[in-house]
Amino acid sequence: MKKIYDALSLALILFSAFLCVFFPSVISEIVYESLILCGKIIIPSLFFYMLTAKIFSKTDVISRAGHFIPKFLRGALNLNSNLFGCLIFGLIAGFPNGAVACGETYKKGLCSKSDAEYAVSLCSFPSLSFLCLVAGKRVLGGIKGGIILYACAIIAVFVLSIIFKPYEKALDIPFTSKKTNFFEITVTSVKESAENMISICAFIIAFSVISGLILYFLPGAGIFLSSFIKGIFEMMSGIISAKDVSFPQNYVILSFFSGFSGICVIFQVSYVCSLYGLSAKKFIYSRLICAFLMPVAAVLLLLLLPRFFIQS
């Protein structure tokens, strides 16, 4: 087994060197386009959320917010009160911010490790603004399309809570306020957010290069296949490239991308989990489930909702 692994490693190195030597212009163009994507969409839409996730988590704002949620709702999801704010924030701010908030809550001892891992699987979806403004308005032709995709994510949360709900009741650790230095927290949060943004953009560039090279060797790929390959590796590129996919296939493929999240996002959130000593297994399983679950939810909503609402 070790020899096979060594041989594959050598082959991968040689193949990478071959691509860099013989296709430098192709790779450079993909990297350039990925940097534009990061500069125009990723950083403007994500950095502030990332910063607030750090500050709100370190200053206990998110942990406190969860205690104002009705008890029956917390019980329905079997979620620690200190983590419910992370769920709400994650569903609004998108990944990896929910995972960051869960990690900070676990780091402060306000939840158990298993509860934090459970919460990460529930709160890791595209942000509300991204679904409405990019997936909805830019790709589907209206914000209502993004609202439908967001509704699919909410449905997925409740289904995942049934699948992953711990057999034991969530350990509701009492909230204890600690004295904090807001200046120190702000400076630390800005630095950590900047470092995380660099890592996220690096992930996006790396996986965009992989999907771009695959498509370069598949010049006859149609719009649907091209979008699918891009979305499998990097969700945002796949969603944007699906603009010309016809109805209702566009809703199906966008809900698939939003549920699966792309290999790039899976690596990002898994990396965040590792920073806090959390396992990403449950999160990865949730992405595989949502890749099937969200398209099914999208189809059901398209059948149930009035046609004028969908197409207006």
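The values are calculated or read from the model by the stated rules, or taken from the named source; none is laboratory data. This one's a predicted model, so the numbers in the text were calculated from it and none came from an experiment. Here the Cβ is made from the backbone with ideal geometry for all residues, glycine too, and neighbour counts use every protein chain on show.
Here are a few things to note about the model shown:
- Members of region 116-143 found to be closer than 18 Å to SER274 by Cβ and of a type outside the set (Ser, Thr, Tyr), listed by number: ALA116, GLU117, ALA119, VAL120, CYS123
- Residue match in region 24-33 (condition: surrounded by fewer than 16 Cβ atoms within 10 Å (Cβ to Cβ), closer than 23 Å to PHE207 by Cα and at pLDDT below 75): yes
- Pick from region 93-135, criterion part of a loop (DSSP other than H, G, I, E, B), of a type in the set (S, T, N, Q) and within 11 Å of the chain's Cα centre (by Cα), ranking: nearest to ILE284 (Cα to Cα): SER124
- Single match in VAL299, VAL265, VAL272, VAL252 (criterion: more than 20 Å from VAL159 (Cβ to Cβ), of a type outside the set (Lys, Arg) and assigned to a helix (DSSP H, G or I)): VAL272
- Yes/no for ALA76 being in a helix (DSSP H, G or I), in contact (Cβ under 8 Å) with a residue 12 or more places away in the chain and touching a Cys at 6+ places or on another chain (Cβ under 6 Å): no
- Residues of region 226-245 satisfying the condition of being at pLDDT 85 or above and of a type in the set (Val, Ile, Thr): ILE229, ILE232, ILE239, ILE240
- For region 268-280, the count of residues that are without any contact (Cβ under 8 Å) to a residue 24 or more places away in the chain, touching a Phe, Trp or Tyr at 6+ places or on another chain (Cβ under 6 Å) and over 26 Å from GLY141 (Cα atoms) is zero.
- Listed conditions (1) farther than 22 Å from VAL187 by Cα; (2) touching a residue at least 60 places away in the same chain (Cβ under 8 Å) are all met by ASP60, apart from (1).
- On the stretch given as region 216-241, residues that are in a helix (DSSP H, G or I) and under 24 Å from the mean Cα position of the chain (by Cα) total 18.
- Scanning region 64-100 for residues that are more than 18 Å from PHE164 (Cα to Cα), at pLDDT below 75 and buried (at least 19 other Cβ atoms within 10 Å of the Cβ) gives a single hit, GLY66.
- Scanning region 105-124 for residues that are touching a Phe, Trp or Tyr at 6+ places or on another chain (Cβ under 7 Å) and not β-branched (Val, Ile, Thr) yields TYR106, LYS107, LEU110, LYS113, ALA116, TYR118, SER121, SER124.
- Failed item in (1) within 22 Å of GLY85 (Cβ to Cβ); (2) in contact with a Ser or Thr (Cβ under 9 Å, 6 or more places away or on another chain); (3) part of a loop (DSSP other than H, G, I, E, B), with LEU278 passing the rest: (2)
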